[in-house]
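Report on one structure; see the data block that follows.
Please treat every number below as a calculation from the coordinates, not as lab data. Quick caveat: nothing in here was measured; it's all calculated off a predicted structure. Backbone-built Cβ (ideal geometry, glycine too); neighbour counts: all protein chains shown.
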Amino acid sequence: MINIENLHKSFGNNEVLKGIDLTVQSGEVVVIIGPSGSGKSTFLRCLNLLEQPTKGTLLFEGDNLLAKGNDIDRLRQKMGMVFQNFNLFPHMTVLENITISPIKVKGQSMDEANEKAYELLRLVGLSDKATSYPSSLSGGQEQRVAIARALAMDPAVMLFDEPTSALDPEMVGEVLSVMKTLAKEGMTMVVVSHEMGFAKEVADRVIFMDDGIIQEEGLPEEIFDHPQNERTQDFLKKVL
Ligand code: ADP
Ligand code: MG
């Protein structure tokens, strides 16, 4: 589904991504771990072209995302993104947050968009919150709405950037549980997370990123129980 070769990204003189190669299969769950500042967010943002890579190849369902004249908006619609800080529209109800893009961008009728939104609210366990405003929700509820909103566009892949890092500990589980459900349903997912339990249980593959490159990758049990790279070993000592 996604094919990345020799991806580079610099901000001025600061080379943040130094040649990333990664292939993500349809239905695969890839969890990216690594220290702060290692380029994980920049990498996700390059995947859906929120950042323009400096160099490299980026294929999505066979389309070259970096080719000139590509319909970036259409491709981006196929990638749902969930951020650390939810980014819900504060002046809109939960239902409006979820339906605005399907209506405005995809041209769905309000009925069609509402029906899908209620289905997604059931999936994330928030059927009773359709008419609530984000300010009345807990962080965990807001993040579940953000996931529903991304899913409403019917993406082929979901990108998560530390979706539970801003949450109080007691709310982490409810968000991870929605993500587990999605994974079980076969959603292709690329997840940056410090939740090692989630990675162990759900990841098909774990990527350890440091200093702008993939230092090590493998099955969860390989990375967590038998890390080969010294940097991976050091990182895991600190977080486990
Ligand atoms: P991580 O998500 O692993 O913590 P980031 O991708 O956020 O790492 O950041 C990696 C590096 O890229 C940092 O040094 C950061 O300062 C730099 N960086 C990220 N975004 C920008 C930007 N928009 N402009 C300049 N530098 C940036
Ligand atoms: Mg980050």
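Brief remarks follow.
- The packing ranking of peptides 142-155, 225-238, highest mean first, is 142-155, 225-238, where packing means the average number of other beta carbon atoms within 10 angstrom of each residue.
- Exposure proxy ranking for LYS78, LYS9, based on other Cβ atoms within 10 angstrom of each Cβ and starting from the fewest, stands as LYS78, LYS9.
- Residues with amide H under 5 Å from that of ILE213, placed H, sequence gap 5 or more: LYS18
- Modelled spin labels at ASN85 and GLN228, positioned 7 Å past Cα toward Cβ, are 3.9 nm from each other.
- From helices alone, the chain scores -11000 deg cm²/dmol at 222 nm; the rule is -39500 (n - 2.57) for each run of n ≥ 4 DSSP H residues, then divide by the residue total.
- The length gained on full extension between SER109 and ALA166, counted as 0.36 nm times the residue separation minus their Cα-Cα distance, comes to 17.1 nm.
- Share antiparallel - DSSP beta bridges, the stretch 143-238, percent rounded to 5: 50 percent
- By the count of other C-beta atoms within 10 Å, a proxy for reagent exposure, VAL94, VAL239 are ordered fewest to most as VAL239, VAL94.
- Cα centroid of the stretch 96-159 to Cα centroid of the stretch 9-52, whole Å: 27 Å
- Gain in span if fully extended, SER10 to SER26, counting 0.36 nm per residue against the direct Cα distance: 2.9 nm
- Going by neighbour counts of Cβ atoms within 10 Å, the residues ILE223, ILE72 line up, fewest first, as ILE72, ILE223.
- Distances between placed amide hydrogens fall under 5 Å for ARG205 paired with VAL29, VAL31, all partners being 5 or more residues away or on another chain.
- The charge dipole of the stretch 1-155, taken about the Cα centre with unit charges on the Cβ atoms of Lys, Arg (+1) and Asp, Glu (-1), comes to about 360 debye, rounded to the nearest 20.
- Cβ-Cβ FRET estimate between ILE100 and THR57, R0 fixed at 51 Å, reported to 0.05: 0.95
- Residues with amide H under 5 Å from that of THR188, placed H, sequence gap 5 or more: GLY27, MET158
- As a calculated quantity, the FRET efficiency between GLU119 and ALA67 at R0 = 25 Å, using C-beta atoms, amounts to about 0.10.
- In a DSSP loop and with at most 13 other Cβ atoms within 10 Å, the GluC sites (Glu not before Pro) in the stretch 19-112 are GLU61.
- Here the calculated FRET efficiency for SER138 and LEU50, from their Cβ-Cβ distance with R0 = 22 Å, stands at 0.25, rounded to the nearest 0.05.
- Considering only the chain, percent of DSSP beta bridges that pair antiparallel, nearest 5: 55 percent
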